[in-house]
Amino acid sequence: MTELTFENDKSEVLRYCGYRRGVELTELTDEMIRDGMETTNRLARIRSYWRLFDIEKCEEGVALKGTDVVFKGQGISRHLMWDKQVVLMCITIGPEFDREVKRVMLDDAARGMILNSCGAALVEKAIDELQKEIDTQLPSGHTGDRYSPGYGDFPIEQQDDFMKLLDMTRTAGIRLNSSYLMNPEKSVTAVAGIKD
Amino acid sequence: MEYFDRIRVLDGAMGTQLMSKKAPMGKVPEELNITHPEIVQEVHKEYIEAGSDVIYAHTFSANAYKLRDSEYTPEELVTAAVKNAKEAVGDKDVMVAASFGPIGDILEPFGNLKFDDAYDMYKEMMVAAEKAGADLFVLETQTDLLEVKAGVLAARENCSLPIWVTMTFEADGRTFTGVLAEAMAITLEALGVDAIGVNCSLGPKELVPIVKRMREVSDLPLIVKPNAGLPDPVTNTYNLKAEDFAEQMRAFMEMGVSFVGGCCGTDPEYIKGLVNIRNEYKPVKSEKGKRPYLSSARAYVNITHVNVVGERINPTGKKKFQQALLDHDLDYVMNQALEQVGAGATVLDVNVGIPTVDEKALMIEVVKELQTMVDTPLQIDSSSVEAIEAALRIYNGKPIINSVNADDERLDAILPIAKKYGAAVVGLTLNEEGIPQKAEERVEMARHIVEKCDEYGIPRCDIYIDCLTQTVSIAENRAEDTLDAIRRVKSEFGVKTVLGVSNISFGLPKREFINTTFLTLAMYAGLDLAIINPNNAAMMGAFDAFLTLSAVDPGGAAYAEKYAVIAAREKEQAALMKTVADAGAAAQPAQASGDGLVPGTILYDVCKGLKDSTAEDVKKLLETKDPMEIINGELIPALDKVGEDFENHRSFLPQLLSSAKAAEAGFAVIKEHMAKNNVGEQISKGRIVICTVKGDVHDIGKNIVKTILENYGFSVLDLGKDVAPETVVETVKRENIKLVGLSALMTTTVASMEETIRQLREAGCDCKVFVGGAVLTYEYAMKIGADYYTKDAKEAADLAKRFFS
């Protein structure tokens, strides 16, 4: 998947800005959301990559066959309890968006925050779409719910394994810094089991 | 090495081959050089048998960062890798390249890797590779041009082998970090690398347009090493077969590239395919010659007609700017940059020289931030050779140096560094005796500068002679001397020219008339770079008109587009003013809106987040009311209402921020009014240092707190993000700060928050610390030794109010 654009969902954007039900939006806020969605659609360069792996359970967690990677923790073990295969995926909306948030933030924190929320909403939506696309390309079955490093006891350090197995820098332009933060900021990695 | 006698074939993928040989995958694949040298050598031998003229030693990620958990050092692995390659070569006529991929961490400000650390890591590998007998270096699969620059400088300053660079591009001609293919070629040619190109990325077909774009702007020999098409996620294999790959590679050989090879998914069969056809073609030496390019990493300008250099990033004579620099308030500087770019500047002059500050450190800080914010190439403006060199070192592109003059001392100090870093240079036609009066004397000064540049190997197209503007209100100064000198240095030396114009009208009334006319005359004389304030509409008007009249903008299309919008806006504003005036005359009482707020009041303006209206209404109130009365009776109560709405869930954060911004506009009007009327009263309610702690690059929360605090009237010293504890301690001591706010988003960085607090206490700073961030709680905050926990910006403002009351 290289090209993907869609309408941002206003209610999702509001959710990411900490919207509280019943609050009346001012005209200005409304305009900022429209502008933010438009800017996000214009600047997003969605890039993603995924790979299919066979797995087996082991004492520490879940081992990816043919690699030396073991996903550790009880959470991930439970999450993939019934699965024999998984898809590892990564997705980003690209660096241009981050730059724009930074620029907008300089002059207008509210507009910057709303724009930032638009990006968060977009990358979530993009990974939903990616999963649908993966499902059409799988030899059989479909992907289940996603699970990411940092959820529960799934160590954030395992971003390194996603990095290695998906070769994320080459395939999607996602890099990790030494605190395991992804750059571009609006990026997601996840694993999902294959269901029959 | 000869680059244009015949097409040389490189090797194919290393990783793909190691996998097919079932090599055990350790923590870092380069460990195989020591644990299984026979497998690595076998891969090399297969490529040599297939006909590779150059093989890449298996050194790609053998750097200190990637080896941090390995039992081997970079030196050990690089040495072993080069040895393996050389043993595989034996006595054959095959060269060994040491290959260097990205370090793996991200350079500041987006990541934690420092430029100097990247430099040291490349240096460590390069020195070992040269010692082990490598024939050349190749920086490959790179996506960040600044990281490449660290590698190129490491090679240049410590070794003597040729340097090749290939980067990884997407179909749109940018790397994943946004580096433009042309900007890469321009910057690296200026830096003096030996060959450039593309590797990895995509299949050959998709890369053709990108390599063409490099050829358009550069005469360097080209390298192409694509993937075997595109990968299939289910099987993890690539979709092009060896024969299809070779067919697609013909396009590059026709174009005249010097080196071809393969990246991910290619094997010796693919290389054989290339060897079989390469003799049908020959490399073509492109001879377009040097051209007047300037570039950042993301954009470039070809100075073929007059361009505007924005002059505003300069503290000389600007109190506010000086204060911003003293406070390290980079936001202020960045706003100046964005405003000028928006107004049409295509180069930005950067000067941060004020007495009592460390200009070199400040220059680095500002240039680093500028190049993440704007795409416009920079003109590094300083009298300090040190500051200039420091900026050139970390500048991600091809900049201009401002400036040298005709004094040998200055020329001999600056020109070598201009050459080394591939920068263009401004040459002022003056020397220690001053500015010569007559045109021919200035031409002679220019001649001296140009000759010196020739000596140091700086191309004529990278020399910008400044023939100097002198105030015409002094009778012996003649504008014509400047204009005549511009014409003559251009025709005699084939150089470019630059001029700051506004001094021309010094001491005269209605300066704009003189300035615009002089600018027009200078452009007509052939001026290439006009250093002006692009926010001045009349100057930009003269510039835009000139582009139309000189047919740079054929048919005035760009002019029409720009000024149609401006004309429409002016008309709209005039209509609005009339409506307001009419309404004022009718003097109707304003109607309350649905929520009981009355339009035209400060309360309404602030609650609705209307900053222009707030400013207007504050101005009106100032006619009848005392400034402090407006602050305490209007602005503060309005902010309190907004805060109350927020707390009671009648509003949410973006609206709180908009209201704060509206109030800020009101405060600004009052400050200006008080300054004008010399009201000495201090309206700052207290000074607070805030920052995002070391290791954390999330600053949105911190920025929000800053905005709110400022709008409650506090002075905020914002140290930015990823701030070392030492910096916080040092600032708190120096500025005698009593309240410090620390922000951290991640569990992993709360530790450095704790460390910052510890150091503040240890240094005996008499200050209180409040902390906030997504993962913090009150208990957690107390545990790490903070004095206060604030869950959001509003609480931070409440705390500050209590604290300073």
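We did not get these values from a lab; they are worked out from the coordinates using the rules stated. Everything numeric in this text was worked out from a predicted model, so none of it was measured. Methodologically, a virtual Cβ is constructed for each residue, glycine included, from the backbone with ideal geometry; neighbour enumeration extends over all protein chains shown.
Each residue of region B:538-548 is assigned a 3J(HN,Hα), and the resulting list reads 5, 5, 5, x, 4, 5, 4, 5, 5, 4, 6 Hz, derived from the Karplus form 6.51 cos²θ - 1.76 cosθ + 1.60 (θ = phi - 60°), x at Gly and Pro.
Please label the shape of region B:325-479 as rounded, prolate or oblate, based on the square roots a ≥ b ≥ c of the eigenvalues of the alpha-carbon gyration tensor (a/c under 1.5 means rounded; beyond that, a/b larger than b/c means prolate, else oblate). It is prolate, given that a/c is not under 1.5 and a/b is the larger ratio. For region B:293-552, the share of DSSP beta bridges that are antiparallel, to the nearest 5, is 15%.
Could you work out the helix-only [θ] at 222 nm for chain A, with each DSSP H run of four or more residues adding -39,500 (n - 2.57) and the total divided by the number of residues, to the nearest 500 deg cm²/dmol? Walk me through the numbers before you get to the answer.
Details: 7 runs with 84 residues, N = 196.
Helix-only estimate at 222 nm: -13500 deg cm²/dmol.
By DSSP, the beta bridges lying fully in chain B are antiparallel in about 10 percent of cases. Other residues whose C-beta falls under 9 angstrom from the C-beta of B:Pro109 contribute a net charge of -1, scoring Lys and Arg +1 and Asp and Glu -1.
Annotation: amide H of B:Lys721 within the under-5 Å range of B:Thr692, sequence separation 5 or more or interchain, hydrogens built in the peptide plane.
Neighbour counts of other C-beta atoms within 10 Å: give me B:Glu339, B:Glu108 arranged from fewest to most. Numbers along the way, then the final one.
On the way: B:Glu339 15, B:Glu108 19.
Final ranking by Cβ density, sparse to dense: B:Glu339, B:Glu108.
For the listed residue pairs B:Lys438/B:Lys510; B:Lys685/B:Lys768; B:Lys21/B:Lys45; B:Lys676/B:Lys738; A:Lys125/B:Lys706, the alpha carbons are over 21 angstrom apart in B:Lys438/B:Lys510; B:Lys676/B:Lys738; A:Lys125/B:Lys706.
How big is the Rg/Rh ratio for region B:258-325, C-alpha atoms only, Rh by Kirkwood, two decimals?
Across region B:258-325, the Cα-based Rg/Rh ratio is 1.35.
The relative contact order of region B:293-552 comes to 18 percent, based on Cα pairs under 8 Å that sit 6 or more residues apart.
Here's the list of lysines a cross-link from B:Lys131 could span, going by alpha-carbon distance under 17 Å and ignoring same-chain residues fewer than 8 apart: B:Lys83, B:Lys86, B:Lys123.
Where Rh is the Kirkwood radius over the Cα pairs of region B:185-311, the temperature 10 °C and the viscosity 1.306 mPa s, what D in µm²/s does Stokes-Einstein return? Please list the in-between numbers first.
Numbers: Rh = 16.0 Å.
The Stokes-Einstein estimate is 99 µm²/s.
log₁₀ I(q)/I(0) of region B:1-60 at q = 0.13, 0.17, 0.29 Å⁻¹, via Debye over equal Cα point scatterers, no solvent, to two decimals? After summing over all Cα pairs, the log10 values are -0.37, -0.58, -1.29. Rounded, prolate or oblate: which one fits region B:687-804, using the alpha carbon gyration tensor with axes a ≥ b ≥ c (rounded when a/c is under 1.5, else prolate when a/b beats b/c, else oblate)? The shape class here is rounded.
For B:Thr469, the residues whose amide H sits under 5 Å from its own are B:Gly500, ignoring neighbours fewer than 5 places away on the same chain, with H placed 1.01 Å from N.
Residues B:Lys676, B:Lys27, B:Lys149, arranged from fewest to most other Cβ atoms within 10 angstrom of their Cβ, appear as B:Lys676, B:Lys27, B:Lys149.
So for each of B:190-202, B:365-377 I average, over its residues, the number of other beta carbons within 10 Å; can you give me the resulting order with the highest mean first? Provide the component values of the computation, followed by the final result.
Details: B:190-202: 22.8, B:365-377: 20.8.
Ranked from most to least packed, the peptides come out as B:190-202, B:365-377.
Here the sum of -39500 (n - 2.57) over DSSP H runs of 4 or more residues, divided by the residues of chain B, equals -15500 deg cm²/dmol at 222 nm, to the nearest 500. In the elastic network of chain A, a GNM with C-alpha springs shorter than 10 Å, the most mobile of A:Gly36, A:Gly18, A:Gly73 is A:Gly18. For the segment B:101-111, counting C-beta atoms of other chains within 10 Å of every residue's C-beta and taking the mean gives 4.
Its Cα gyration tensor gives region B:602-676 an equivalent ellipsoid, and the semi-axes of that ellipsoid, as √(5λ) in whole Å with the largest first, are 22, 11, 9.
Histogrammed with a bin width of 10 Å, the alpha carbon distances of region A:113-196 distribute as 15, 43, 36, 5, 0 percent, first bin at zero.
Note that region B:508-577 shows a convex hull volume over its alpha carbon atoms of 101 Å³ per residue. What the phi angles of region B:213-219 give under the Karplus curve with 6.51, -1.76 and 1.60, with θ = phi - 60°, is a coupling list of 5, 5, 4, 4, 10, 9, 9 Hz, glycine and proline written as x.
Return the ratio Rg/(2.2 N^0.38 Å) for the protein assembly as shown, where Rg is computed over Cα atoms only. Kindly include the intermediate steps, with their values, before the conclusion.
Numbers: Rg = 30.6 Å, N = 1001, 2.2 N^0.38 = 30.4 Å.
Scaled against compact globular proteins, the figure is 1.01.
When each of the peptides B:657-665, A:144-152 is scored by how many other beta carbons lie within 10 Å of its residues on average, the order from highest to lowest is B:657-665, A:144-152.
The mean sequence distance of close C-alpha pairs (under 8 Å, at least 6 residues apart), as a share of the length of chain A, puts its relative contact order at 28 percent. Principal axis extents of the Cα atoms in region A:10-195, from largest to smallest and rounded to whole angstrom, are 55, 34, 31. Translational diffusion of region B:8-278, estimated by Stokes-Einstein from the Kirkwood radius over alpha carbon pairs at 37 °C in a medium of 0.692 mPa s, is 179 µm² per second. Normalised Debye scattering of region B:396-501 at q = 0.12 Å⁻¹ gives log10 I(q)/I(0) of -0.36, counting only Cα atoms as equal scatterers and leaving out solvent. Residue by residue along B:647-656, Cβ atoms of other protein chains within 10 Å of the local Cβ number 6 on average. Shown for A:Ser48, B:Ser502: other C-beta atoms within 10 Å of each C-beta, ranked fewest to most, produce the order B:Ser502, A:Ser48.
When the Kirkwood hydrodynamic radius is evaluated over all pairs of different C-alpha atoms of chain B, what value in angstrom, to one decimal, is obtained? Intermediate results must be reported in sequence, preceding the final value.
Numbers: mean 1/r = 0.0331 Å⁻¹.
One over the average 1/r among Cα pairs gives 30.2 Å for chain B.
If you take every DSSP beta bridge fully contained in the protein assembly as shown, what fraction is antiparallel? Give it as a percent rounded to 5. Intermediate values should be presented prior to the final figure.
Details: 35 of 105 bridges.
Within the protein assembly as shown, antiparallel bridges account for around 35 percent of the total.
When peptides B:246-254, B:709-717 are sorted by average Cβ neighbour count within 10 Å, with the highest value leading, the order is B:709-717, B:246-254.
By definition, a body whose alpha carbon gyration tensor gives a ≥ b ≥ c is rounded when a/c is under 1.5, and region B:293-552 falls into this rounded group.
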